[in-house]
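First the structure, in the form of structure tokens, and then the observations on it.
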Amino acid sequence: MRICYITAPQLQDFILKNITELGKTDVLLICYSVLKNVNFEDELTYKTDYMNNIAAISKDFRCVVFAGADTDNFGDSRHSVIVADGGRLLGISDAVYSDDIYQAGSGIIVYNTSKGRFGVIVNHDLYFGKASEILAQSGSDLNINIIKDANLQLAQLMGRSHSFITGVPHAVCSDNFCFLGNIKGEAEFISSKSIQFIDIEIDKKYHKITFLSRGGK
């Protein structure tokens, strides 16, 4: 599986300069600084066309696209990730944990796509282990985290830790930063490049864990 991370806002330039490589890409991760803010009312009235553009990219390059954005749903502001595959908008995941400005969304979703099953962790939900645990138990092959204003050391620590604990790799994409945590708890790579490609193999093996509990049957 080939993953492409885009960590800077010049999306169109990157696409034009990397058409051949993007044609080999299975998963495209786009940081928050590309779309920035998406207003659903403007999308519905065709004042903006961000979500259709994301869907079009997924069709043109036959890949699954995960794009971070702050969304405004008729006054409700949320940290979100837009997901598209093969020209279709699959859904929009929202951060489960809220802050002073942005409201919490509902649901932690594993998307069944043409390239595999991907769990989405939105923004600072990465810092809380429950999201990764739920996605792993729901059959995610790879957990995707698009994070805004990441604490780089904390993001690396939590991404690697959750990968080790859950047995599911975590691909993390932020502004000017990206990395991949593997199931050994290691960083496959860490990069500050504006565009980064990496090839990985998804290990779907399971192992048996037993434990002792006090008391009778």
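The values are calculated or read from the model by the stated rules, or taken from the named source; none is laboratory data. Note that the structure is predicted; figures quoted are calculated from it, not measured. Counting neighbours? That spans all protein chains shown, and the Cβs are built from the backbone with ideal geometry, glycine included.
A few comments on the model shown:
- Failed item, numbered, when LEU126 is tested on (1) free of Cβ contacts under 8 Å to residues at least 12 places away in the same chain; (2) crowded, with 22+ Cβ neighbours inside 10 Å: (1)
- Check on SER106, surrounded by fewer than 16 Cβ atoms within 10 Å (Cβ to Cβ), in contact with a Gly (Cβ under 9 Å, 6 or more places away or on another chain), outside any strand (DSSP E or B) and not acidic (Asp, Glu): no
- Whichever residue in region 65-82 is assigned to a strand (DSSP E or B) and without any contact (Cβ under 8 Å) to a residue 40 or more places away in the chain and, among such residues, is surrounded by the most Cβ atoms within 10 Å (Cβ to Cβ): VAL65
- Against the numbered list (1) touching a residue at least 60 places away in the same chain (Cβ under 8 Å); (2) over 20 Å from TYR127 (Cβ atoms); (3) surrounded by fewer than 24 Cβ atoms within 10 Å (Cβ to Cβ), PHE61 comes up short only at (1).
- Scanning region 24-41 for residues that are without any contact (Cβ under 8 Å) to a residue 60 or more places away in the chain and closer than 14 Å to ILE92 by Cβ turns up LEU35, ASN37, VAL38, ASN39, PHE40.
- Identity of the residue in region 1-13, over 12 Å from PHE197 (Cα atoms) and of a type outside the set (Asp, Glu), that ends up surrounded by the most Cβ atoms within 10 Å (Cβ to Cβ): LEU11
- Listing of helices (runs of 4 or more DSSP H) fully contained in region 5-54 that carry 1 or more residues being more than 29 Å from ILE200 (Cα to Cα) and modelled with pLDDT under 90: none
- Selection over region 99-118 of residues that are in contact (Cβ under 8 Å) with a residue 60 or more places away in the chain, more than 12 Å from the chain's Cα centre (by Cα) and under 17 Å from ALA67 (Cβ atoms) gives a count of 1.
- Of residues in region 200-217 being surrounded by 10 or more Cβ atoms within 10 Å (Cβ to Cβ) and at pLDDT 75 or above, the one farthest from LYS115 (Cα to Cα): ASP203
- Among residues of region 64-87, those that are of a type in the set (D, E, K, R), at pLDDT below 95 and either out of contact with any Asp or Glu (no Cβ under 9 Å at 6 or more places or on another chain) or under 14 Å from LEU142 (Cβ atoms) (or both), counted: 2
- Screening region 149-166 for residues that are surrounded by 15 or more Cβ atoms within 10 Å (Cβ to Cβ) and of a type outside the set (A, V, I, L, M, F, W, C) and picking the one that is nearest to VAL122 (Cα to Cα) gives GLY159.
- Flag for VAL27 being β-branched (Val, Ile, Thr) and touching an Asp or Glu at 6+ places or on another chain (Cβ under 9 Å): no
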